[in-house]
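Written below as structure tokens is the structure these notes are about.
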Amino acid sequence: MSKRILIVGGGSSGWMSAAYLEAALNGGNTKRVEVSLLESPDVPRIGVGEATIPSINHILAALKIDEREFMRRTEGTFKQAIKFVNWLDNKGEGYYHAFGRYTPTPVDDSGERWLMSDRSIPFMETISAQPRLCEWNVAPQMIGAWDFGPKLTYAFHMNALSFADYLAEIAAARGVTHYVDHMTDVEMHENGDIAAVLTKGGKRLEADLFIDCTGFSALLIEKQLQEPWVDFSKWLLCDRALVMPVPYETHYPGFVRPYTVSTALSAGWAWDIPLQSRRGVGYVHSSEFISEEQAEREIRAYEGPHAEKLDTRMVHFKVGMRERCWVKNCVAIGLSGGFLEPLESTGLYLSDLATVMLSEHFPHFGNSDALAFRFNRLMSNRFYEVLDFINMHYCLTRRNDTPFWQEVQKSERINDRLAAKLEFWRSKPVGHADFEDQLLPNQPYADTSSSKAFGDTRSPIDTGKLFTRSSYEAVLYGMDFMRDEYRERFGTDLPQTGIHRRIVERLNAAPQKLPPHDLWLQRCVGMQKY
Ligand SMILES: Cc1cc2nc3c(=O)[nH]c(=O)nc-3n(C[C@H](O)[C@H](O)[C@H](O)COP(=O)(O)OP(=O)(O)OC[C@H]3O[C@@H](n4cnc5c(N)ncnc54)[C@H](O)[C@@H]3O)c2cc1C
């Protein structure tokens, strides 16, 4: 008999779970699960979450979604990188965390070479063509068939609401049952499992497995099962975002950037995400360091005079994760399971990962304790991995111009694992071995045999290949890591920084091959001309 899965919540995470579980678990000839989704007509989706990382390509492939069709349906644009502006000194400087880079063989000593140079060219530009391609605003795809050597790695920007609608359509077409009704109550079995949810419309929906996708309200995992939240706000200070879409009718800059810009402001940072009809702009900030009115003034000033009349909306969020995302017969996916601020666009990735992990650990046979244990371990590892990486963007700053930037570099704002990593990388450049096993000197270590997922004291494992050596190099060297130490040790007369030959060749050939991003969007996915 097939197992019944009820997903409560119809935001991006709810529909991603519905579509993926249906495809992954009912892929063969046997119907192993029946998937239903309950979505409230009264509670809107959060409506943010518009930048992705390349893992999005996995879900598109798994659901057999054509890339261009996806872009047409979601106002999609390409994303090749994130550009971080003013994070180091607030003097207009910037660096790229690009998705693709060249890896020289047999020895990749590009990081060491850069450290031992005069740093006259930013690290990422020496090893990846993408920073320049981004500055030129070209697409990472050709209008015709691709004949430009190795593919460029990219993700997408997209309209979050359209993405959820599109997934809903796909899921429904594949057999997911959709209820539009508001959950009002939960019935429990004696053993502590959820038995059914009750709705305003008078329905009683039973299932074997419940997936909590109710966003920050976490109606099942927290309100019903009372699973604690592990708070990360000591290390990530931002707790609000002021969202301000900029329609192209109001202001079209004359191009569509193929990358996200993240500009550090006085008490946080602004995202700048180009879609086909607007740019999504939002100021992620800490309510302790700036008032709502000041934040609004600052984001309008960032955008320029045309922003005076634009609407804004405040989104409150909390950073952290569920101690265990899978408890009894309930699995929290999406914001109910955890959220780290959107600096590296990891929200949708974590929902995608949870769905993939759940399908791999699906409880087809009776007791699910062992499966839940592994699922919780894997998910908490990824949350910690993201925490360390985002924490690092802040703490390496040299900015001292506002109380917020003074605060984020204090040692108590750097979590112990990250502090141990940074300390280790003071004795050797970051390398692949550091990600094979991450018990580095001075790191917190705890017995991992407890039945719960692990708090901040357990030994960390960054082996998920999410933020690897290349990502760490991009940010560490983008933030001018160890500049003074190298100068002191090796002098200031270091050789000029060189760009790898393969990158120069690729950049020389690119103008004949890669079209402007906006032109590609107009020709290939029907973007309107502005
Ligand atoms: C400021 C900010 C910026 C972000 N930017 C990014 C980004 O750039 N990239 C990225 O990957 N992620 C980003 N995220 C994360 C991303 O928005 C979320 O991961 C994603 O939208 C998933 O949300 P969700 O589906 O979990 O919750 P929601 O969208 O909040 O959906 C909750 C659902 O639960 C339903 N519901 C609630 N109560 C009931 C009830 N009683 N009965 C029935 N249904 C109910 C609602 O109707 C809704 O359908 C960002 C998040 C924030 C806060």
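The values are calculated or read from the model by the stated rules, or taken from the named source; none is laboratory data. Keep in mind that what you see is a predicted model, and the values were worked out from it rather than measured. Cβ sites come from the backbone with ideal geometry, for glycine too, and all protein chains shown count toward neighbours. Only protein heavy atoms, including side chains, enter the accessible area calculation; ligands, DNA and RNA are left aside. Shrake-Rupley method; radii C 1.70, N 1.55, O 1.52, S 1.80 Å.
Can you spot a residue in the range 34-57 that is over 20 Å from the mean Cα position of the chain (by Cα), near the ligand (Cβ under 7 Å from one of its atoms) and without any contact (Cβ under 8 Å) to a residue 40 or more places away in the chain?
yes
Hey, could you check the range 252-263 for residues that are assigned to a strand (DSSP E or B) and buried (at least 22 other Cβ atoms within 10 Å of the Cβ) and say which is farthest from the ligand (Cβ to nearest atom)? Full working, then the answer.
Start the filter on the range 252-263 by keeping residues that are assigned to a strand (DSSP E or B), which leaves 260-263.
Subsequent filtering for residues that are buried (at least 22 other Cβ atoms within 10 Å of the Cβ) retains 260, 262.
Details: THR260: 8, SER262: 10 Å.
Top of the filtered list is SER262.
In the range 302-337, what residues are within 13 Å of the ligand (Cβ to nearest atom), under 26 Å from ALA195 (Cβ atoms) and in contact with a strand residue (DSSP E or B) (Cβ under 6 Å, 6 or more places away or on another chain)?
ARG322, CYS325, VAL331, ALA332, ILE333, SER336, GLY337, listed by residue number.
Can you pull out every residue in the range 1-30 that is open to solvent by 10 Å² or more (accessible area, probe 1.4 Å) and of a type in the set (Ser, Thr, Tyr)?
Passing the criteria: SER2, SER12, SER13, TYR20, THR30.
Surrounded by 15 or more Cβ atoms within 10 Å (Cβ to Cβ) and touching a strand residue (DSSP E or B) at 6+ places or on another chain (Cβ under 9 Å): does that describe SER110?
Working: surrounded by 15 or more Cβ atoms within 10 Å (Cβ to Cβ): yes; touching a strand residue (DSSP E or B) at 6+ places or on another chain (Cβ under 9 Å): no.
No, not satisfied.
Somewhere in the range 62-79, is a residue open to solvent by less than 10 Å² (accessible area, probe 1.4 Å), of a type in the set (A, V, I, L, M) and within 16 Å of the ligand (Cβ to nearest atom)?
Of all residues in the range 62-79, those open to solvent by less than 10 Å² (accessible area, probe 1.4 Å) come to 63, 70-71, 74, 76-79.
From what's left, of a type in the set (A, V, I, L, M): 63, 71.
Narrowing the set further to residues that are within 16 Å of the ligand (Cβ to nearest atom) leaves none.
No, the range 62-79 contains no residue that is open to solvent by less than 10 Å² (accessible area, probe 1.4 Å), of a type in the set (A, V, I, L, M) and within 16 Å of the ligand (Cβ to nearest atom).
Determine whether the range 179-189 contains at least one residue that is within 24 Å of the chain's Cα centre (by Cα), open to solvent by 10 Å² or more (accessible area, probe 1.4 Å), more than 30 Å from TYR154 (Cβ to Cβ) and within 14 Å of the ligand (Cβ to nearest atom).
Within the range 179-189, not a single residue is within 24 Å of the chain's Cα centre (by Cα), open to solvent by 10 Å² or more (accessible area, probe 1.4 Å), more than 30 Å from TYR154 (Cβ to Cβ) and within 14 Å of the ligand (Cβ to nearest atom).
Using the structure shown, decide if VAL331 is at pLDDT 95 or above and open to solvent by 10 Å² or more (accessible area, probe 1.4 Å).
no
What are the residues in the range 58-77 that are part of a helix (DSSP H, G or I) and in contact with a Ser or Thr (Cβ under 9 Å, 6 or more places away or on another chain), if any? Give the steps one after another, and end with the answer.
At the first step, the residues of the range 58-77 found to be part of a helix (DSSP H, G or I) are 58-62, 67-74.
Within the range 58-77, ILE59, MET71, ARG73, THR74 meet the criteria.
Among GLU227, GLU303, GLU298, GLU292, which is the only one that is open to solvent by 50 Å² or more (accessible area, probe 1.4 Å) and at negative phi?
Working: GLU227 fails: open to solvent by 50 Å² or more (accessible area, probe 1.4 Å); GLU303 fails: open to solvent by 50 Å² or more (accessible area, probe 1.4 Å); GLU298 fails: open to solvent by 50 Å² or more (accessible area, probe 1.4 Å).
Only one candidate qualifies: GLU292.
From the list GLY92, GLY49, pick out the single residue that is open to solvent by less than 40 Å² (accessible area, probe 1.4 Å) and assigned to a loop (DSSP other than H, G, I, E, B).
Residue meeting the stated conditions: GLY49.
Which of (1) buried (at least 18 other Cβ atoms within 10 Å of the Cβ); (2) not in a strand (DSSP E or B) does ASP118 not meet, given it meets every other one?
Here ASP118 clears every test but (1).
Would you check if there is a residue in the range 391-414 being crowded, with 16+ Cβ neighbours inside 10 Å and more than 21 Å from ASN86 (Cα to Cα)?
No, the range 391-414 contains no residue that is crowded, with 16+ Cβ neighbours inside 10 Å and more than 21 Å from ASN86 (Cα to Cα).
Before we move on, is TRP271 under 30 Å from TYR20 (Cα atoms), of a type in the set (Phe, Trp, Tyr) and not in a helix (DSSP H, G or I)? Break it down into steps so the answer makes sense when it comes.
Values: under 30 Å from TYR20 (Cα atoms): yes; of a type in the set (Phe, Trp, Tyr): yes; not in a helix (DSSP H, G or I): yes.
Yes.
Working only within the range 348-367, note down all residues that are surrounded by fewer than 23 Cβ atoms within 10 Å (Cβ to Cβ) and touching a residue at least 12 places away in the same chain (Cβ under 8 Å).
First, the residues of the range 348-367 that are surrounded by fewer than 23 Cβ atoms within 10 Å (Cβ to Cβ): 349, 353, 356-357, 359-367.
Result: TYR349, LEU353, VAL356, MET357, SER359, HIS361, PHE362, PRO363, HIS364.
Condition first: in contact with a Ser or Thr (Cβ under 8 Å, 6 or more places away or on another chain) and buried (at least 22 other Cβ atoms within 10 Å of the Cβ). Now tell me which residues in the range 238-251 satisfy that.
CYS238, LEU242, listed by residue number.
Based on this model, can you work out whether GLY282 counts as at positive phi, crowded, with 22+ Cβ neighbours inside 10 Å and either assigned to a loop (DSSP other than H, G, I, E, B) or within 14 Å of the ligand (Cβ to nearest atom) (or both)? So that I can check it myself, show each step before the final result.
Numbers: at positive phi: no; crowded, with 22+ Cβ neighbours inside 10 Å: yes; either assigned to a loop (DSSP other than H, G, I, E, B) or within 14 Å of the ligand (Cβ to nearest atom) (or both): yes.
The answer is no for GLY282.
Among residues belonging to the range 338-373 that are part of a loop (DSSP other than H, G, I, E, B) and within 7 Å of the ligand (Cβ to nearest atom), point out the one that is nearest to ALA195 (Cα to Cα).
Keep residues of the range 338-373 that are part of a loop (DSSP other than H, G, I, E, B), which gives 340-341, 345-346, 361-368.
The next check asks that each one be within 7 Å of the ligand (Cβ to nearest atom); those that pass are 345-346.
Details: SER345: 35, THR346: 32 Å.
The extreme case among them is THR346.
Kindly list, by first and then second residue, each pair from a residue in the range 1-16 that is free of Cβ contacts under 8 Å to residues at least 40 places away in the same chain to a residue that is more than 9 Å from the ligand (Cβ to nearest atom), limited to pairs with Cβ atoms under 6 Å and residues at least 6 apart or on different chains.
SER2/LYS31; SER2/ARG32; SER2/VAL33; SER2/GLU34
Specify the residue that is farthest from the chain's Cα centre (by Cα); the eligible residues are those in the range 190-201 that are open to solvent by 50 Å² or more (accessible area, probe 1.4 Å) and within 14 Å of the ligand (Cβ to nearest atom). Talk me through it step by step, then tell me what you get.
Let us first name the residues in the range 190-201 that are open to solvent by 50 Å² or more (accessible area, probe 1.4 Å), namely 190-191, 200-201.
Next cut, within 14 Å of the ligand (Cβ to nearest atom) only: 200-201.
Working: LYS200: 34, GLY201: 36 Å.
Residue satisfying both the conditions and the ranking: GLY201.
Please verify whether LEU37 is open to solvent by less than 20 Å² (accessible area, probe 1.4 Å), over 21 Å from GLU344 (Cβ atoms) and at pLDDT 95 or above, treating the condition exactly as stated.
Working: open to solvent by less than 20 Å² (accessible area, probe 1.4 Å): yes; over 21 Å from GLU344 (Cβ atoms): yes; at pLDDT 95 or above: yes.
Yes, satisfied.
Would you be able to tell me the number of residues in the range 474-515 that are part of a loop (DSSP other than H, G, I, E, B) and open to solvent by 20 Å² or more (accessible area, probe 1.4 Å)? So that I can check it myself, show each step before the final result.
Of all residues in the range 474-515, those part of a loop (DSSP other than H, G, I, E, B) come to 479-482, 491-500, 514-515.
Cutting the leftovers down to open to solvent by 20 Å² or more (accessible area, probe 1.4 Å) gives us 480, 482, 491-496, 498-500.
Within the range 474-515, residues that are part of a loop (DSSP other than H, G, I, E, B) and open to solvent by 20 Å² or more (accessible area, probe 1.4 Å) number 11.
Applying the selection to the range 155-176, what residues are away from the ligand (no atom under 14 Å from the Cβ) and either surrounded by fewer than 18 Cβ atoms within 10 Å (Cβ to Cβ) or of a type in the set (Asp, Glu) (or both)?
GLU169, ALA172, ALA173, ARG174, GLY175, listed by residue number.
Cβ contacts < 8 Å: first residue closer than 17 Å to PHE70 by Cβ, restricted to the range 513-529; second residue assigned to a helix (DSSP H, G or I) and acidic (Asp, Glu), any location; separation 6+ or different chain. Result?
MET527/ASP518
Looking only at the range 1-33, count how many residues are within 16 Å of the ligand (Cβ to nearest atom) and in a helix (DSSP H, G or I).
Taking the range 1-33 as the starting set, the residues that turn out to be within 16 Å of the ligand (Cβ to nearest atom) are 5-21.
Next, only the ones that are in a helix (DSSP H, G or I) stay: 12-21.
So the count comes out to 10.
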